[in-house]
Amino acid sequence: MAQGDSNAQRYSAIYAVIRAIPRGKVMTYGQVAELASIPRGHRMVATALRNSDPTMKLPWQRVVAKRDRLRARIAIVDDRGAMRQRRLLQKEGVRFERDGSIRLHLFAWIPPDA
DNA sequence: CAGGTGACTCTTT
DNA sequence: GAAAGAGCCACCT
């Protein structure tokens, strides 16, 4: 992706990256942005997800917020949404720590070509 | 044009 | 390790 690309193109790239995350794996907002060739685009990834609708059939639950070097967390503020995401992830094998964090070295997806 | 806002992230207290 | 500040960028008032 280049600098002058339209936002529509960037959103498409973002959705494509998210769709490529395999079951049982997660990716941080920043990682998604970077892979979609949008440096510092983590905010845009959040916007893209917020504006997405169910008909896209995106594995939105696999996008998580980076917490520190080793752990990630669910970004949704709303408790219902957060629990829903957590349940979906657990159903596909992602394990949560007692403090609600996800260990990245276990569940972060490292794309083969990156 | 001028703020305010967020499903973000990093640094500094 | 919590809290605060700053940087970020598309969107909406």
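The values are calculated or read from the model by the stated rules, or taken from the named source; none is laboratory data. Note that the structure is a prediction, hence the values are computed from the model and not measured. When we count neighbours, we look across all protein chains shown, and the Cβ atoms used for this are built from the backbone with ideal geometry, even at glycine.
Points worth noting:
- Looking only at residues in region A:60-77 that are charged (D, E, K, R) and in a loop (DSSP other than H, G, I, E, B), the one that is surrounded by the fewest Cβ atoms within 10 Å (Cβ to Cβ) is A:R69.
- Complete set of residues in region A:20-50 that are within 12 Å of DNA strand C (Cβ to nearest atom), more than 19 Å from A:R69 (Cβ to Cβ) and among the hydroxyl-bearing types (S, T, Y): A:T47
- Scanning region A:86-102 for residues that are touching a Gly at 6+ places or on another chain (Cβ under 7 Å), in a strand (DSSP E or B) and within 16 Å of DNA strand C (Cβ to nearest atom) turns up nothing.
Condition check ((1) buried (at least 20 other Cβ atoms within 10 Å of the Cβ); (2) modelled with pLDDT of 95 or more; (3) of a type in the set (G, A, S)) across all residues:
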site: A:G4; (1), (2), (3): no, no, yes
site: A:N7; (1), (2), (3): no, no, no
site: A:Y15; (1), (2), (3): no, yes, no
site: A:R23; (1), (2), (3): no, yes, no
site: A:A33; (1), (2), (3): yes, yes, yes
site: A:A36; (1), (2), (3): yes, yes, yes
site: A:M44; (1), (2), (3): no, yes, no
site: A:T47; (1), (2), (3): no, yes, no
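- Filtered by the rule that a residue be β-branched (V, I, T) and not in a strand (DSSP E or B), region A:22-45 gives A:V32, A:I38, A:V45.
- Candidates in region A:1-21 are the residues that are of a type in the set (S, T, N, Q) and in a loop (DSSP other than H, G, I, E, B); of these, the one that is nearest to A:D113 (Cα to Cα) is A:Q3.
- Residue list for region A:20-77, restricted to those being of a type in the set (S, T, Y), near DNA strand B (Cβ under 7 Å from one of its atoms) and either touching an Asp or Glu at 6+ places or on another chain (Cβ under 6 Å) or in contact (Cβ under 8 Å) with a residue 12 or more places away in the chain (or both): A:T28, A:Y29, A:S52
- Qualifying residues in region A:59-81 (those that are more than 15 Å from A:A108 (Cα to Cα) and at pLDDT below 95) - the one nearest to DNA strand C (Cβ to nearest atom): A:V77
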